[in-house]
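Everything on this sheet refers to the single structure shown next.
Nothing in this text is a laboratory measurement; each read-out follows from the coordinates by a stated rule. This structure is a prediction, so every number in the text was calculated from the model and none was measured. Reconstructed Cβ throughout: ideal geometry from the backbone, glycine too, with neighbour counts over all protein chains shown.
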Amino acid sequence: MSILNDKEVCEISTHASDLAVFASDADTKIAAWNASAQRLLGCTTPRGAEAIGKQCDDVLQATLPGGEPLCHHDCDAVRCLRECRPYGTPGCRLRHWNGE
């Protein structure tokens with residue numbers, strides 16, 4: 001069961017073109033992401049297609065300011081989405097695909 005259907009994912013990706021947006025399925029695998037998200041993480045086409053179907057935590061590899069992992073299979077963001085609660089973090093770092 002997907003959180004968003006394909007039409008909703010396409011609408012979000014198109015309308016939020018200046019923002020980095022990705023969508024994951026119920027198994028937290030990347031279902032879609034827009035060009036801004038691909039640029040942010042260094043996964044531009046055709047390499048960007050490699051992220052589709054991968055676990056979001058494997059792609060984002062986000063950490064909190066103190067270095068502790070933000071992204072993992074059952075992270076706070078995933079729990080909030082499943083429970084339809086808002087999620088926010090004061091800051092995080094994403095790992096670029098070039099390792100930086």
Within region 58-100, residues being at negative phi and surrounded by 11 or more Cβ atoms within 10 Å (Cβ to Cβ) number 28
In region 58-86, residues that are in a loop (DSSP other than H, G, I, E, B) and either within 13 Å of the chain's Cα centre (by Cα) or closer than 17 Å to Ala37 by Cβ (or both) total 7
A careful count of residues in region 37-57 that are among the hydrophobic types (A, V, I, L, M, F, W, C), in contact with a helix residue (DSSP H, G or I) (Cβ under 9 Å, 6 or more places away or on another chain) and either exposed (fewer than 15 other Cβ atoms within 10 Å of the Cβ) or in a helix (DSSP H, G or I) (or both) gives 4
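For region 27-36, give me the residue count where each residue is part of a helix (DSSP H, G or I) and not aliphatic (A, V, I, L, M).
Step one: filter region 27-36 for residues part of a helix (DSSP H, G or I), giving 35-36.
Keeping just the survivors that are not aliphatic (A, V, I, L, M) gives 36.
Here the count works out to 1.
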